[in-house]
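As structure tokens, the structure follows; a few thoughts come after it.
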Amino acid sequence: MTITTYPVKEAAKLAAHAYNPRGERHLATMIADECPVAGVEATLLTNGFLLIPGSNSLADYFNFNLRLWRIGEEQYDLKTTHTTRGASGTIWHQGFFAHAKVIYDWIGSRRPALIIGHSLGAASAQILSKSWARASIGFAAPRPRKARGAIVNDGLSLSICRVDDPVCSFVNAFHHMGTTRHLVHSRPRFGLNHNMAAYIDVLEHNRGDAVPEIWNPLAG
């Protein structure tokens, strides 16, 4: 199994830039492809990194249904608890699976080296990590999986969650894939604490779970 390892703090910066990769000079020349499906944003870089943004603010998360919208003419929202059984038999949140499936179909036979996501993008990153047997790093990740228990490729995914970000607790009765780290800011501030600026900040001022400097799921 080929696994790309990567510094978590650098992954956080890429997750922030995923919202406007063409606006970042160092990334603009690295764009290999962009998802053409309206409402599903994802960028594949020439180094094989797949960047998947979601909703950068909690307000967007609620107001725009995770930017999921109308995939296959069916609208999903935050409270949806309907499930879909993937090809491997894993039971996923229907809305998150629909989003991940669009990206999966767009990528086709290509295989990203590393998947980095935020919010909705972090939910899809967990699903795609299992599908492709690739490492993923997600920030502000909601929970995409219905059942507990070990499954194949489960350990390839790292989810970074702030304890004061309610999105990380959604959807009720669902679970994160792989490894989850719950971060606590040493100087907590009132607010939504869901956007990537809040996650970059907490990585520098964390007194919660220890976060690996470099995500290497094969390190044990």
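The values are calculated or read from the model by the stated rules, or taken from the named source; none is laboratory data. Remember, predicted model here, so these are calculated numbers, not experimental data. Virtual Cβ from ideal backbone geometry, glycine too; neighbours counted across all protein chains shown. Ligands, DNA and RNA are excluded from the accessible area calculation, which covers all protein heavy atoms including side chains. Shrake-Rupley method; radii C 1.70, N 1.55, O 1.52, S 1.80 Å.
Using 0.36 nm times the number of residues separating His182 and Arg85, minus their current alpha carbon distance, what extension gain do you get? If you can, show how the numbers build up before the last one.
Values: separation 97, 0.36 × 97 = 34.92 nm, distance 2.78 nm.
Gain in length upon complete extension: 32.1 nm.
Show me the ranking of peptides 41-48, 189-196, 26-33 by mean Cβ neighbours inside 10 Å, starting with the highest.
Details: 41-48: 18.5, 189-196: 16.9, 26-33: 12.9.
Descending packing order for the listed peptides: 41-48, 189-196, 26-33.
Net charge near Asp201: determine it from the other residues with C-beta under 15 Å of the C-beta of Asp201, scoring Lys and Arg +1 and Asp and Glu -1. List each step's numbers first, then the result.
Details: positive: Lys9, Lys13, Arg162, Arg187, Arg189, Arg207; negative: Asp164, Asp165, Glu204.
Taking every other residue near Asp201 into account, the sum is +3.
Give me the percent of accessible area attributable to carbon and sulfur for the chain, probe 1.4 angstrom.
Numbers: 5020 of 9940 Å².
The nonpolar share, carbon plus sulfur, comes to 51 percent.
Normalising by the residue count of the stretch 90-179, find the relative contact order in percent from Cα pairs under 8 Å and 6+ residues apart.
Values: 180 pairs, mean separation 24.8, N = 90.
Relative contact order, the stretch 90-179: 28 percent.
Give the shape of the stretch 100-139 as rounded, prolate or oblate, defined through the alpha-carbon gyration tensor: a ≥ b ≥ c are the square roots of its eigenvalues, a/c under 1.5 means rounded, and otherwise the shape is prolate if a/b is larger than b/c and oblate if not. Let's see the in-between values first.
On the way: a/c = 2.02, a/b = 1.36, b/c = 1.48.
Taking the square roots of the gyration eigenvalues as a ≥ b ≥ c, the stretch 100-139 is oblate.
Which shape class, rounded, prolate or oblate, goes with the stretch 163-218 when its Cα gyration tensor gives a ≥ b ≥ c as root eigenvalues, a/c under 1.5 marks rounded, and past that a/b bigger than b/c marks prolate? Don't skip to the answer; put the middle values down first.
Working: a/c = 2.06, a/b = 1.08, b/c = 1.90.
Oblate, since a/c reaches 1.5 and b/c is not below a/b.
Averaged per residue, what accessible area in Å² does the stretch 169-220 show with a 1.4 Å probe, protein chains only? Kindly include the intermediate steps, with their values, before the conclusion.
Details: 3010 Å² over 52 residues.
With the other protein chains kept in place, the stretch 169-220 gives 58 Å² per residue.
So what is the 222 nm mean residue ellipticity for the chain from helices alone, if each DSSP H run of at least 4 adds -39500 (n - 2.57) and you divide by all residues, rounding to the nearest 500 deg cm²/dmol? Intermediate values should be presented prior to the final figure.
Details: 6 runs with 56 residues, N = 220.
Using -39500 (n - 2.57) per qualifying helix, the result is -7500 deg cm²/dmol.
Roughly what % of DSSP beta bridges within the chain run antiparallel, to the nearest 5?
Details: 15 of 32 bridges.
Percent antiparallel among DSSP bridges in the chain is about 45.
Calculated FRET efficiency, Leu192 and Met30, Cβ-Cβ r, R0 22 Å, to nearest 0.05?
E(calc), rounded to 0.05, equals 0.10.
Once you keep just the Cα pairs under 8 angstrom separated by 6 or more residues, what percentage relative contact order results for the chain? Mind dumping the intermediate values first?
Details: 475 pairs, mean separation 45.6, N = 220.
Value for the chain: 21 percent.
Which of rounded, prolate, oblate describes the chain, given a ≥ b ≥ c as roots of the alpha-carbon gyration tensor eigenvalues and a/c under 1.5 marking rounded, otherwise prolate only if a/b is larger than b/c? It would help to have the intermediate numbers written out before the result.
Numbers: a/c = 1.17, a/b = 1.08, b/c = 1.08.
Cα axes put the chain in the rounded bin.
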